Amino acid sequence: QIERRLDTVRSVCHLAQKRLIACLQGQHGTDPDKRHKKLPLTALAQNMQEGSIQLSDETLLGKMLDTCGDAENKLAMELSQHEVQIEREVIDPLCLLTETEIPNIQKQRKQLAKLVLDWDSARGRYNQAHKTSGTNFQVHPSKIESLKEEMDEAGNKVEQCKDQLAADMYSFVSKEGDYARCFVMLLEAQADYHRKALAVIEKVLPEIQAHQDKWTEKPAFGTPLEEHLKRSGREIAVPIEACVMMLLETGMREEGLFRIAAGASKLKKLKAALDCSTSQLDEFYSDPHAVAGALKSYLRELPEPLMTYSLYEEWTQAANIQDQDKKLQELWRICNRLPEHYRVNFRYLIKFLAKLAQNSDVNKMTPSNIAIVLGPNLLWAKNEGSLAEMAAATSVHVVAVIEPIIQHADWFFPGDEDFNVSGAFVAVPAVNSNHLSHTGNDYECGTLERKRPLSMTVMEGDLLKKESFGVKVLEFPAAPRRCGTVNRKLTSPAFQPPLPPCEPAAEQPCPPAGAEPGPGAGPAPSAAPAEQPQAPGAED
């Protein structure tokens, strides 16, 4: 049984030893230091550290390469020591088994077979001589004696060889546990190596993560709002503030803003510039449609819409309320339930859109139009139905929500809004652009907003002042501009919305200028008499 297993054991162990040597990355049979220098990991570590020197430690990539290079070098050292241990405790014993011990046993077997043949030959010669000595008296008795001694000596050699072979075989069987132990030690060595390698990695990971967290130059598009604000230390997202500031400078009188698509290459370039938080945005001031497109794209690419998934059902239910007072009350309540970061950015955006709607005579972007083109980028369903169904259902609800919020922005979000929150944006000088064609005091479509002529400012200021005191004044036709009229429609709603639920009911808003007092209304304030003395020449 032992003899039959010898060849199989040798073949299996030899193949395992061969495959294990192939797994080693270092040169077989060398000391740890020399092996370490030849490892691929060592070459990688050296390349990383050289790259970090070229990039300098001031860049994130340079810091990462330096830290990772040091870690890879330590891993390479651990690997070289691990491979030396594997050679000593696993490969060398297997090599001794397959190259020395089993071949010695097999050699003993061949030697025994040869001795048996020699013994059989000597015994045959002795038997032949003994047989012929009875009939042939010429055979000398001493020859027969020498043949017998030769036969006995050959028999003794066979017995000695057989005993030695049996001893070697029994020794092989007794050592099988030691041979099997080699594979246990292989796994133990691998486990020890991986533990040490893991310790190296776990030690360096917090340092790498700290470098990563400190680096603020990360893409804003497609990043959750909270993560972007936390990383940049801002209240308003960079793309929102940058786009709003650029539009305030050059886009408030641009017809079809947020509706007309921008050039794809320009939009892509602007998004990339905003992603790396660059301040080199001067070239984009001349293309407000690209700026508006970038703002829409940022809002749409947020993982969670600005009006949040959690309040989606409440927004849609509020959109279906028919009574305007109740609807506004409910929208006010939902606005105040937005998470803080989302509410601040939503307020900022709504204040800007309300300001944009004040120029609707020129830019044609009324609250309704703004809600139609921008609303679907502020709220959408998380996972309901097909894409077309979601878009259709959401757009109807969102328009019904966004339009009244823009109309009554000052009621939903009282107070003035400082759009330059970060203080990083300054007014840029007038730029030469295809959108601008200015002659005298006239405007063409899409011009940058300029200071209004003094005469027109005084005229409209007087009209508004007189209307505020309750005096009925005729409207004077003004010299028309090329894309819109001078007289701007009042943006006040036809009725004042109700007070928020948490405010006392005693503070009722005043009716809009020129509206008839309702039933039960008190007398007109004494500060606004029906007739006021007019300055000389006012009738003209």
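Go through (1) of a type in the set (A, V, I, L, M); (2) surrounded by 15 or more Cβ atoms within 10 Å (Cβ to Cβ); (3) within 60 Å of the chain's Cα centre (by Cα) and name the single condition residue 147 misses.
(3)
Do you know which residues across segment 333-359 are within 18 Å of residue 416 (Cα to Cα) and hydrophobic (A, V, I, L, M, F, W, C)?
Listed by number, the residues that qualify are 335, 344, 346, 349, 350, 352, 353, 354, 356, 357.
Would you confirm, using the coordinates I've provided, whether residue 87 is at pLDDT 85 or above, in a helix (DSSP H, G or I) and closer than 30 Å to residue 173 by Cβ?
yes
Return the only residue of 271, 266 being part of a helix (DSSP H, G or I) and open to solvent by 50 Å² or more (accessible area, probe 1.4 Å). Quick ask: steps written out before the conclusion?
On the way: 271 fails: open to solvent by 50 Å² or more (accessible area, probe 1.4 Å).
Criteria check complete, one pass: 266.
Since residue 361 meets every condition but one in (1) in a loop (DSSP other than H, G, I, E, B); (2) within 22 Å of residue 248 (Cβ to Cβ), which condition does it not meet?
(1)
For residue 380, all conditions in the list (1) assigned to a loop (DSSP other than H, G, I, E, B); (2) open to solvent by less than 10 Å² (accessible area, probe 1.4 Å); (3) touching a Ser or Thr at 6+ places or on another chain (Cβ under 7 Å) hold save one; what is the number of the exception?
Unmet for residue 380, out of (1) assigned to a loop (DSSP other than H, G, I, E, B); (2) open to solvent by less than 10 Å² (accessible area, probe 1.4 Å); (3) touching a Ser or Thr at 6+ places or on another chain (Cβ under 7 Å): (2).
Is it fair to say residue 167 is within 30 Å of residue 70 (Cα to Cα) and either of a type in the set (A, V, I, L, M) or in contact with a Ser or Thr (Cβ under 9 Å, 6 or more places away or on another chain) (or both)? Spell out the reasoning first.
Numbers: within 30 Å of residue 70 (Cα to Cα): no; either of a type in the set (A, V, I, L, M) or in contact with a Ser or Thr (Cβ under 9 Å, 6 or more places away or on another chain) (or both): yes.
Spelling it out, it is not the case that residue 167 is within 30 Å of residue 70 (Cα to Cα) and either of a type in the set (A, V, I, L, M) or in contact with a Ser or Thr (Cβ under 9 Å, 6 or more places away or on another chain) (or both).
Would you tally the residues in segment 275-334 being touching a residue at least 24 places away in the same chain (Cβ under 8 Å), part of a loop (DSSP other than H, G, I, E, B) and under 29 Å from the mean Cα position of the chain (by Cα)?
Total satisfying the criteria: 13.
State which residue is most open to solvent (accessible area, probe 1.4 Å) when the search covers only segment 383-410 and only residues that are at pLDDT 55 or above and not in a helix (DSSP H, G or I).
Checking each candidate, the answer is 383.
In segment 160-181, what count of residues is obtained for those that are without any contact (Cβ under 8 Å) to a residue 40 or more places away in the chain, surrounded by fewer than 12 Cβ atoms within 10 Å (Cβ to Cβ) and among the acidic types (Asp, Glu)?
Number satisfying all stated conditions: 1.
Mind counting the residues in segment 88-102 that are closer than 14 Å to residue 18 by Cβ and crowded, with 19+ Cβ neighbours inside 10 Å?
Residues flagged as closer than 14 Å to residue 18 by Cβ and crowded, with 19+ Cβ neighbours inside 10 Å within segment 88-102 amount to 5.
Restricting to segment 317-337, count the residues that are open to solvent by 10 Å² or more (accessible area, probe 1.4 Å) and either in contact with a helix residue (DSSP H, G or I) (Cβ under 7 Å, 6 or more places away or on another chain) or aromatic (Phe, Trp, Tyr) (or both). Steps first, answer last, please.
Start the filter on segment 317-337 by keeping residues that are open to solvent by 10 Å² or more (accessible area, probe 1.4 Å), which leaves 317, 319-327, 329-330, 332-333, 336-337.
After this cut, where a residue has to be either in contact with a helix residue (DSSP H, G or I) (Cβ under 7 Å, 6 or more places away or on another chain) or aromatic (Phe, Trp, Tyr) (or both) as well, the list is 319, 321, 327, 330, 332.
The qualifying residues number 5.
From the set of residues in segment 175-232 that are closer than 30 Å to residue 5 by Cβ and among the acidic types (Asp, Glu), which is modelled with the highest pLDDT?
The selected residue is 188.
Can you tell which of 110, 74, 34, 114 is modelled with pLDDT under 85 and in the same structural domain as residue 180 (by the TED database)?
When all the criteria are applied, what remains is 34.
Applying the selection to segment 58-87, what residues are over 25 Å from the mean Cα position of the chain (by Cα) and open to solvent by 50 Å² or more (accessible area, probe 1.4 Å)? First the steps, then the outcome.
Step one: of segment 58-87, the residues over 25 Å from the mean Cα position of the chain (by Cα) are 70, 73-87.
Selection gives 70, 73, 74, 77, 81.
Kindly indicate whether any position in segment 211-220 is under 60 Å from the mean Cα position of the chain (by Cα) and more than 30 Å from residue 308 (Cα to Cα). Explain how you work it out, then say what you get.
Residues of segment 211-220 under 60 Å from the mean Cα position of the chain (by Cα): 211-220.
From what's left, more than 30 Å from residue 308 (Cα to Cα): 211.
Scanning segment 211-220, I find at least one residue that is under 60 Å from the mean Cα position of the chain (by Cα) and more than 30 Å from residue 308 (Cα to Cα), so the answer is yes.
Considering each of 111, 106 in turn, give the residue that is in contact with a Cys (Cβ under 6 Å, 6 or more places away or on another chain), in contact (Cβ under 8 Å) with a residue 24 or more places away in the chain and more than 30 Å from residue 78 (Cβ to Cβ). Write out each step before concluding.
Working: 106 fails: in contact with a Cys (Cβ under 6 Å, 6 or more places away or on another chain).
When all the criteria are applied, what remains is 111.
Among the numbered criteria (1) part of a helix (DSSP H, G or I); (2) out of contact with any Leu (no Cβ under 9 Å at 6 or more places or on another chain); (3) open to solvent by less than 10 Å² (accessible area, probe 1.4 Å), which single criterion is violated by residue 256?
(1)
Check whether at least one residue in segment 42-57 is assigned to a helix (DSSP H, G or I), out of contact with any Leu (no Cβ under 8 Å at 6 or more places or on another chain), within 21 Å of residue 203 (Cβ to Cβ) and open to solvent by 80 Å² or more (accessible area, probe 1.4 Å), and report yes or no.
yes
The values are calculated or read from the model by the stated rules, or taken from the named source; none is laboratory data. Note that the structure is a prediction, hence the values are computed from the model and not measured. Note: ideal-geometry Cβ built from the backbone for every residue, glycine included; neighbour counts use all protein chains shown. What goes into the accessible areas is simple: the full protein's heavy atoms, side chains included, and nothing from ligands, DNA or RNA. Shrake-Rupley method; radii C 1.70, N 1.55, O 1.52, S 1.80 Å.
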